[in-house]
Amino acid sequence: MEKSLHHKYGLKRVVNASGRMSILGVSAPSDSVLEAMKTGAQNYVEIEDLVDKAGGHIANQLHSEDAVIVNSASSGIALSVAGMITEGNQRKSLQLHQQPIPKNEIICFKGHNVQYGAPIETMVYLGGGKLVEVGYANEGKQHHIAEAINEHTAAILYVQSHHAVQKNTISIEEAWQVAQAYNIPLIVDAAAEEDLRKYPACSDLVIYSGSKAIEGPTSGIVAGKKAYIDWVKVQLHGIGRSMKVGKEASFGLLQALDLFFTKTDHSQTEKESLRSLEKLSDLPGVSVDIVQDEAGRAIYRSRIQIDASLAGKTAEQTVTELKNGAIAIYTRDYGSKQGFFDIDPRPLKGNDIDVITERIQEILGGK
């Protein structure tokens, strides 16, 4: 089926060694998730009832007051911001962007206004907010947030992500202290995080991707305080109408979330699978190490460092050739300008790791 579909539509085979990235379709849901999606798609349901019942089920699992399924973590940001600045007022929600709302400022660290496929600030403005950057690219402190709070502040947004600056920046718990002290709602974007029960306890709203750590269909979750979730739900009849979630995605996400809390931790097995890449160190100018995720998650990757003066090619040239081959190999290439790229084992299937090894050997002249 996989080969025939790729052939039918003229698509290349892709080896995803970059992680659960949106540009490659994020994750590959299990058969039971797909079966739940099929059942959901082929049967009718009252959507409003599904929104409420699904949200209640998710809230119980995440230990939050309430939750709502959205169609992505990105839309979760926009809808959460819209909820905060309209405070659930239906008229303001339906006329968002048509009339000014003075209390619309969303405070965010400069190092958290990241580009993840779209800028954080774009989602904030889509939700009717005005982003107020505080701190510096290499520093984010409690007083930076506190000093920016005024009568126009609607919420504080904290981005928990490997994309965000980790260096010299306060934790979510410390941001939560400021939010509580000044009675300002705290929104946490935790799209790819795996500890789903940690963040509802130190935020007013937390946003997760349904298709990253949870490995469900394209979807998202907003969880948190019931009053604020109610405000978010009002947006489903405003800008959220263009971000609506199909019943099949809702059932698929619910099944994926049930599986998430019972799945086995494969991080050590995945780590060991990377040992086969160590043979690449035999290539001139190439060194291979195993590193842990930048944000401290139990995710291990193989880091391939290239000394261009010895290898004859830079890391940037190598990752470009990997992408442009007959089989498109995508690595985690954020560090390519610094001379390295990473291999993430989590999405690898079948003989993918052998394909990666052979292609790198070919590109760098070892085979």
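Worth pointing out:
- The condition of being of a type in the set (Phe, Trp, Tyr), touching a residue at least 60 places away in the same chain (Cβ under 8 Å) and either in contact with a helix residue (DSSP H, G or I) (Cβ under 7 Å, 6 or more places away or on another chain) or closer than 28 Å to Glu193 by Cα (or both) holds for only one of Tyr300, Tyr330, Tyr334, that being Tyr330.
- Put simply, of Thr357, Thr331, Thr314, Thr320 the only residue that is closer than 30 Å to Asp265 by Cα and over 22 Å from the mean Cα position of the chain (by Cα) is Thr357.
- The range 63-91: number of residues that are over 20 Å from Val245 (Cα atoms) and among the hydrophobic types (A, V, I, L, M, F, W, C): 2
- Residue within the range 152-167 that is in contact with a Gly (Cβ under 7 Å, 6 or more places away or on another chain), within 25 Å of Gly335 (Cα to Cα) and modelled with pLDDT under 95 present: yes
- Scanning the range 276-293 for residues that are open to solvent by less than 70 Å² (accessible area, probe 1.4 Å) and either charged (D, E, K, R) or within 30 Å of Val33 (Cα to Cα) (or both) gives a single hit, Asp293.
- Condition check for Ala59: surrounded by fewer than 22 Cβ atoms within 10 Å (Cβ to Cβ) and under 30 Å from Gly335 (Cβ atoms): no
- Pair list, Cβ < 6 Å and 6+ apart or interchain, from the range 159-187 residues that are farther than 29 Å from Arg20 by Cα to residues that are open to solvent by less than 80 Å² (accessible area, probe 1.4 Å) and assigned to a helix (DSSP H, G or I): Val178/Gln142; Val178/Ile145; Val178/Ala146; Pro185/Met84
- Candidate set: the range 207-245, residues that are assigned to a helix (DSSP H, G or I) and basic (Lys, Arg); chosen: the one farthest from Gln180 (Cα to Cα): Arg241
- Here Gln99 does not fit the description of being touching a helix residue (DSSP H, G or I) at 6+ places or on another chain (Cβ under 8 Å) and in contact (Cβ under 8 Å) with a residue 60 or more places away in the chain.
- Flag for Ala213 being within 27 Å of Lys244 (Cβ to Cβ) and surrounded by fewer than 20 Cβ atoms within 10 Å (Cβ to Cβ): no
- Qualifying positions in the range 77-98 - open to solvent by less than 70 Å² (accessible area, probe 1.4 Å) and more than 15 Å from Val234 (Cβ to Cβ): Ile77
- Qualifying residue in the range 188-203 (condition: open to solvent by less than 10 Å² (accessible area, probe 1.4 Å) and under 19 Å from Asn89 (Cα atoms)): no
- Complete set of residues in the range 113-130 that are of a type outside the set (A, V, I, L, M, F, W, C), in contact with a helix residue (DSSP H, G or I) (Cβ under 8 Å, 6 or more places away or on another chain), open to solvent by 20 Å² or more (accessible area, probe 1.4 Å) and more than 13 Å from Val159 (Cα to Cα): Gly117, Lys130
- Candidate set: the range 226-259, residues that are touching a residue at least 12 places away in the same chain (Cβ under 8 Å) and hydroxyl-bearing (Ser, Thr, Tyr); chosen: the one nearest to Arg91 (Cα to Cα): Tyr228
- Residue within the range 262-275 that is crowded, with 19+ Cβ neighbours inside 10 Å, under 24 Å from Gly350 (Cα atoms) and touching a Phe, Trp or Tyr at 6+ places or on another chain (Cβ under 8 Å) present: yes
- Odd one out for Ile145, checked against (1) open to solvent by less than 10 Å² (accessible area, probe 1.4 Å); (2) touching a residue at least 40 places away in the same chain (Cβ under 8 Å); (3) of a type outside the set (S, T, N, Q): (2)
The values are calculated or read from the model by the stated rules, or taken from the named source; none is laboratory data. Predicted model only: the values in this text are computed from it and were never measured. Using ideal geometry, Cβ is built from the backbone for each residue, glycine included, and neighbour counts are taken over all protein chains shown. These area figures cover heavy atoms from the full protein model, side chains too; ligands, DNA and RNA do not enter into them. Shrake-Rupley method; radii C 1.70, N 1.55, O 1.52, S 1.80 Å.
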